[in-house]
Amino acid sequence: MCGIAGLHLREPSLYPRLGELLTGMLCQVTERGPDSAGVAVYGDPRWSPPGESTVSLLPGGVPADDVATALRATLPEAVVVGAGQTLVVHAATDAETLTDAVRTVVPGALVIGAGEDVAVLKGVGHPQALAAEFGLPAAQGWQGVAHTRMATESAVTPAHCHPFSVGTDQCLVHNGSFANHATIRRELTAAGIAFDSDNDSEVGARFVAAQLAAGYDLEKSLKLLCERFDGFYTLLVSTRDSFAVVRDAIACKPAVIAETPQWVAMASEYRALAGLPGVESARIFEPEPEEVYAWQR
Amino acid sequence: MAALSTVDSTVDSTVDPAVEPALVDLSLTTVRELNTALHAPDVADKAARWRVTSPGGKHSIAVGLDADIDVVIEGHVGYYCAGMNKTATVTVEGNAGVGVAENMMSGTVRVRGNASQSAGATAHGGLLVIEGSAAARCGISMKGVDIVVGGDVGHMSAFMGQAGRLVVCGDTGDALGDSLYEARIYVAGTVKSLGADCVEKEMRPEHLAELAGLLAAAGMDADVVSFRRFGSARRLYNFHVDNASAY
Amino acid sequence: MLSQPPLSPDPTLRESATYDRATIAEIQRAAETGIYDIRGGGAKRRVPHFDDLLFLGASMSRYPLEGYRERCDTDVVLGDRNATFPLHLSTPVTIAGMSFGALSGRAKEALGRGASEVGTSTTTGDGGMTPEERGQSKHLVYQYLPSRYGMNPDDLRQADAIEVVLGQGAKPGGGGMLLGQKITERVAGMRTLPMGVDQRSACRHPDWTGPDDLEIKIRELREITDWEKPIYVKIGATRTYYDVKLAAKAGADVIVLDGMQGGTAATQDVFIEHVGIPTLAALPQAVQALQEEGLHRQVQLIVSGGIRNGADLAKCMALGADAVAIGTAALIALGDNAPHLDDEYRKLGSAAGFYDDWQAGRDPAGITTQDDELARRLDPVQGGRRLANFIRVMTMEAQIIARACGKAHLHSLEPEDLVALTIEAAAMARVPLAGTSWIPGQGL
């Protein structure tokens, strides 16, 4: 049960302002989820320099310097950036190699995001304070997702925060509560998929990642999710080239989309969109039940 | 009360309150302070007109009013703006969040932009005008309110509508008027689908007159002949086993 | 439903445990009518309950208090976290929400009179507030339900507290159904419905779902009433640990927890008997949730669902409740199922002590009816006196137990004063099996 805010920029001149705009949106949905928060930023040069891959991790108490020292034994160019309770590692190698290296040198760490474009930052605390801790206002990039969490049935820890980024450059955030996630988790587990948390939203993220891995596009993957999942959900799902929104058949959990030639934005409430440049002339609407709204980069 | 003095300080005492509205800037004043001032027993004597700036999508703005006052809110509002309104006229110069004018009793609430879901939910009376579009469940469980929407309405609008009139100048989403009781619905555009027990009904002269009155009250410029009327088939009023699948 | 077929005439005939006579009769009834059984009351099946707990009275290691002389207080303050005017009650026995519609106006008045006489609160129901009820109730809690029948801001402002109802122990996750025969002109008027139609109540609120929206809804109710009144949140016992945490996080001042034995005016039998968990199982979960949030005793907990006497009250208090609510017991105190009406109950196919057709509106006791002639049988003054007597007895019984445990206030009772008679009750209540130090399920 939570607040969602996401921004997909079409106009490159806005890229330097991504973090500033996303911070403003995040602060407007704070009341919906004051327990904890998480963000995903696509294309920030500090976290995801071009030509390198990025891994985000909750280091389990291991200091950033120790992680950097250990990593450089195998990846001499690896850079570790601290962002609150999260560390972001980047190096000029592919995401899989970097993920493996991180897992080897910090076995107690939880990898919360990996790819060429995405940095995922999570923490427990007041969302506004977390945004500052993450250094979000200064972030740049072409797409960002933010989530504030009011935990329902799982614990309040950084690992339980959204976004759930379980496939390369993918992110899913959720407002609502799935009603049959335990069964789908069992099915995915039986198919060899491992989970990091007992959060119902992670089941949604793993399901979407499995469909994408099977070759379906994002739109089709979300259609399949609607067929399979019961419960109430507003989902915002992003990948390295797309941004998509879907709601359940009843569509009670709030969602508003605004679209201009410069950007597409989605949030739980209007107030999160009200500060965006040019919002006065945006096309504003609420997504229909079980309809997938997707935008390509 | 501290709250009142804060609001009072924003009222320019050199102007005649009967002519100039009292100003409240929600970037400087809290919603609590605003509502306290609007709930004062002598609010109408103090200022019959109120202008609220920088609403910033905040929730519960101008809720529970019960006085003959006119409140204009310049910008977007969050959930439940003008909730349970009585007597007062509230205008939102922007978009409204979930449940605008929920359980309104009387008075007028006007949204210049769009309204989110559950606009006018369970409202018992008064007039709610949404000049833009309303999202899902517009007029859910309506109990006597009149709602006029300039644009479209989302799915499940007028669900379990008990009394009152819903006028939609645009299109409707799925399941319009599901489980309807005695509320009447007029639609100018297309109806995506009707809900259980909702049927199209004949547009008789009294309905054209009623509709014309509602459109005039809402200030909507629409031609009554383009509208169709929908109401309850009253098949679900008392349980019958043959209708079990419709429940 | 009391329609016992005659006992087997032949002792060699063996009744099936699976297809017993009641099961056979229900299959036959369903096949004939095509509709599920709707009835009033709560769960009839045996579930682990407070009867399965015993108190450890003082002897050598603890010192008892002298009955009737040494102080044992019973007062309780509800809703002092945010409200300017919390409720100060003399006894922690409150009256649960029951609607005008389900009950006659006179029954509502009697509840108000009885509650006021002993300094406790009564509660409206699905159908709005009646003047009789407001007039006779010193402390009146106004329910805010999904249907919003009769809901209006004037009554909201007239109330002493507001109870946002998410669910009910008899049917967590379910809506309501008041059958057409009880929708008289007055009931219909209050609910803005045509007379005589079945009145369906939604299971979800029309303008919010989930804790994030509830937080915003609670703030709206506070704003409308200028933060004067406590806001209660009532839940049916199911996923109690999470639900209580979320209700507290969403800003509730008081949480009302209704277990599966809680009554209802009219609900499907399958719902009453098969959905929800026993009051005994839910209460410790709720207390744990509040303790973990650091809110136990800050957010008060009212427990209902099968509370029948002072022992139940004392056990609830010991397990961490701040107060209890009675519904079915209050109706019995007013005269429901009274033995002198046995002949009339039998005419309705029931018997005194078994009558549960509260949905039908033909209550010979004049309580669960909208029939004027029947309703006139209940004298609200006398009914109120009976209820007051009953609540006094409950309170005194709880004091007797508390004093025996050495407590100067009912709130000083604690789980360590209790043991369980059965393993099931020990596991649910999280107290040791009597004579052992074993609490099943702990330390696993």
Expressed in µm² per second, the diffusion coefficient of segment C:163-319 from the Stokes-Einstein equation, with Rh the Kirkwood radius over alpha carbon pairs, at 37 °C and 0.692 mPa s, is 197
Sorted on mean Cβ neighbours within 10 Å (highest first), peptides B:47-53, A:58-64 come out as B:47-53, A:58-64
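Given a cut-off of under 8 Å on Cα pairs at least six residues apart, what relative contact order in percent is computed for chain C? If you can, show how the numbers build up before the last one.
Values: 1017 pairs, mean separation 103.5, N = 444.
Computed value for chain C: 23 percent relative contact order.
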Highest GNM mean-square fluctuation among A:234, A:148, A:189, for chain A with Cα springs under 10 Å, belongs to A:189
Any lysines whose Cα falls less than 17 Å from that of residue C:44, other than same-chain ones fewer than 8 residues away, would be C:171
Under the Karplus relation with 6.51, -1.76 and 1.60 and θ = phi - 60°, whole-Hz ³J(HN,Hα) for segment C:74-90, x at Gly and Pro, equal 10, 6, 8, 10, 10, x, 8, 6, 10, 7, 5, 10, x, 8, 10, 10, 7
In the protein assembly as shown, taking the dipole from +1 charges on Lys and Arg beta carbons and -1 charges on Asp and Glu beta carbons about the Cα centre, the listed residue (C:40, B:183, C:17) farthest towards the positive end is C:17
Rounded to a whole number, the mean other protein chain Cβ count within 10 angstrom for residues of A:275-287 is 2
Count of lysine pairs, segment B:50-246, Cα-Cα under 28 Å, sep. 8 or more residues or interchain, comes to 6
In whole angstrom, the spacing between the Cα centers of segment B:29-90 and segment A:234-251 equals 35
The rounded separation in angstrom of the Cα centers of segment A:50-65 and segment A:89-104 is 9
Counting only residues 5 or more apart in sequence or on a different chain, those whose built amide H sits under 5 Å from that of residue B:25 are B:53
Per the C-alpha gyration tensor (a ≥ b ≥ c, the square roots of its eigenvalues), segment C:1-158 is rounded if a/c is under 1.5, else prolate if a/b beats b/c, else oblate; here it's oblate
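Taking a threshold of 24 Å on the Cα-Cα distance, which of the pairs B:46/C:229; C:245/C:407; A:122/C:249; A:220/C:217; C:138/C:182 fall above it?
Details: B:46/C:229 26 Å; C:245/C:407 29 Å; A:122/C:249 21 Å; A:220/C:217 36 Å; C:138/C:182 28 Å.
Correct reply: B:46/C:229; C:245/C:407; A:220/C:217; C:138/C:182.
Defining a contact as two alpha carbons under 8 Å apart and six or more residues distant in sequence, what relative contact order in percent does chain B show? Intermediate values should be presented prior to the final figure.
Details: 784 pairs, mean separation 22.3, N = 247.
RCO, chain B: 9 percent.
Using only helices, what value at 222 nm comes out for the protein assembly as shown when you add -39,500 (n - 2.57) per DSSP H run of length 4 or more and divide by the total residues, to the nearest 500 deg cm²/dmol?
Working: 26 runs with 258 residues, N = 988.
When only DSSP H runs of four or more count, the value is -7500 deg cm²/dmol.
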With x for Gly and Pro, the residue-by-residue ³J(HN,Hα) of segment C:138-152, computed from phi through the Karplus equation 6.51 cos²θ - 1.76 cosθ + 1.60 at θ = phi - 60° and given in whole Hz, is 5, 10, 10, 9, 9, 7, 10, 10, x, 6, 6, 4, x, 6, 8
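Of C:258, C:52, B:171, B:221, how do they rank once you tally other Cβ atoms within 10 Å and put the fewest first?
Working: C:258 32, C:52 20, B:171 16, B:221 9.
In order of increasing Cβ crowding within 10 Å: B:221, B:171, C:52, C:258.
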Ranking A:27, A:47, A:104 by how far each Cα lies towards the positive end of the charge dipole of segment A:27-131 (+1 on Lys and Arg Cβ, -1 on Asp and Glu Cβ), the top one is A:27
Counting only residues 5 or more apart in sequence or on a different chain, those whose built amide H sits under 5 Å from that of residue B:73 are B:52, B:91, B:92, B:93
Per the C-alpha gyration tensor (a ≥ b ≥ c, the square roots of its eigenvalues), chain C is rounded if a/c is under 1.5, else prolate if a/b beats b/c, else oblate; here it's rounded
Treating only Lys and Arg (+1) and Asp and Glu (-1) as charged, each at its beta carbon, one finds that chain B has a dipole about its Cα centre, in Debye to the nearest 20, of 660
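Once you sort the root eigenvalues of the Cα gyration tensor of segment A:1-158 as a ≥ b ≥ c, which label holds: rounded (a/c under 1.5), prolate (a/b larger than b/c) or oblate (the other case)? Mind dumping the intermediate values first?
Details: a/c = 2.26, a/b = 1.31, b/c = 1.72.
Taking the square roots of the gyration eigenvalues as a ≥ b ≥ c, segment A:1-158 is oblate.
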By the mean-Cβ-within-10 Å protection proxy, highest first, C:273-282, A:221-230, C:404-413 rank as C:273-282, C:404-413, A:221-230
The relative contact order of segment A:185-297, taking Cα pairs under 8 Å that sit 6 or more residues apart, comes to a percentage of 23
Reduced to Cα centres, the span from segment C:48-117 to segment A:173-220 in Å works out to 48
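Mean Kyte-Doolittle of at least -1.0 and a Cα length of 27 Å or more along the axis: which whole DSSP H helices of chain C meet both?
On the way: long enough: C:380-404 (36 Å, 0.18).
Passing helices, by number: C:380-404.
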Each residue of A:289-295 has, on average, a number of other protein chain C-beta atoms within 10 Å of its C-beta equal to 1
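Per residue of B:114-122, count partner chain C-beta atoms within 10 Å of its C-beta, then hand back the mean as an integer. Numbers along the way, then the final one.
Values: counts 5, 2, 7, 10, 6, 1, 2, 5, 10.
Partner-chain Cβ atoms within 10 Å, mean over residues of B:114-122: 5.
When the dipole is taken about the Cα centre of segment C:169-291, and only Lys, Arg (+1) and Asp, Glu (-1) are charged at their Cβ, what size is it in debye, to the nearest 20? Spell out each step's value before the answer.
On the way: 14 positive and 15 negative charges, 32 e Å.
That gives segment C:169-291 a dipole magnitude of about 160 debye.
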Which residues qualify? For residue A:143, with a placed amide H closer than 5 Å and at least 5 residues away or on another chain, they are A:9, A:42
The alpha-carbon pair-distance distribution computed for segment B:50-246, with 10 angstrom bins and whole-percent values, is 11, 40, 33, 13, 3, 0
Charge dipole of chain C built from unit charges on the beta carbon (Lys, Arg +1; Asp, Glu -1), centred at mean Cα; most positive-end Cα among C:359, C:330, C:247 is C:330
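Quick one: order A:47, A:263 by neighbouring beta-carbon count within 10 Å, fewest to most.
Details: A:47 29, A:263 24.
Ascending Cβ contact count within 10 Å gives the list A:263, A:47.
Throughout, read-outs are computed from the coordinates displayed, never taken from laboratory work. It should be emphasised that the depicted structure is a prediction, and the values quoted were computed from it without experimental measurement. As a convention, Cβ positions derive from the backbone with ideal geometry for all residues, glycine included, and neighbour counts pool all protein chains shown.
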